[in-house]
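To start, the structure itself, in structure tokens.
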Amino acid sequence: MAHSGKCSEERTATHADCVRGILTVVGMRSVERRLERLVDGAVGRFFRGGVRPVEIGHRLVREMADSRSVGVKGQSVVPNHFEVQLNETDLAHFADVEESLVRELCEAAREAARDDGWNFMGPVQVILTEGANVRPGQLRVDARMKEADGATGVLHLSNGQQVVLGEYRLTFGRLPECTITFDDTNVSREHAEICPDGDGFVLTDLGSTNGTTVNGVAITSRRLDDGDIVSLGATTSFEFRAG
């Protein structure tokens, strides 16, 4: 989606930033859906008249698109560490909801990456901070690629359980001997495993009947990225979070 035309100097940066590089429609819409829910909720009153969460989300995705590079295996790698600089007034408006906002911005970045097939070098992090010479209604974003500090990860299961990964092999299936068992006939007796690999984790299908997918793509073995959605068969899935 290309945009042309000159930005008006009289408009604030959040309303007047021209889109540079390629921003996919699907990725941007996923950001809008997630952050508009936050604005429409009880915390929406905090954002009137200043920087809105969806504007920050758009900037994060724009920075990801503009800063894409190609990894050693030919995959698209994008920034995962974002410092969002705001005017002190806008930052103060976010003080009571900062934790929720940061969580939603991180998830919005993960969703955009999944939609566009982008990969991260480490966990997604968003930091809100006061920026020098940033006027009300403006923002600056410093986006960088940052590796994880050691191999750590968490699996978020659909039942709300969180499983911390470490220096051990984790197995999935219907057998009681598996580390995590699922009462689902679409899941094989020994379906898949996750093993530590250097500073990350590798998911491997163990010859299951219905297969294993990551973000909807069938795999035999794949290194997991922050925000990946893993599906065992057609009905059991969970999310991987790095860091």
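The values are calculated or read from the model by the stated rules, or taken from the named source; none is laboratory data. If you're wondering where the values come from, they're calculated on a predicted model, not measured in any experiment. When we count neighbours, we look across all protein chains shown, and the Cβ atoms used for this are built from the backbone with ideal geometry, even at glycine. Protein only, heavy atoms only, side chains kept; ligands, DNA and RNA dropped before computing areas. Shrake-Rupley method; radii C 1.70, N 1.55, O 1.52, S 1.80 Å.
Annotations
- The range 90-171 - percent of accessible surface contributed by carbon and sulfur, probe 1.4 Å: 43 percent
- Computed over neighbours whose Cβ is under 14 Å from that of G233, the net charge equals -2, Lys and Arg +1, Asp and Glu -1.
- For the pair the range 209-243 / the range 50-126, the C-alpha centres are spaced 22 Å from each other.
- Rounded to the nearest 20 debye, dipole of the range 70-211 from Cβ charges on Lys, Arg, Asp, Glu: 340 debye
- Unit charges at the beta carbon, dipole of the range 91-178: most positive-side option, Y168, A95, G117: G117
- Potential lengthening between V141 and S67 on full extension [0.36 nm per residue; Cα-Cα distance subtracted]: 25.4 nm
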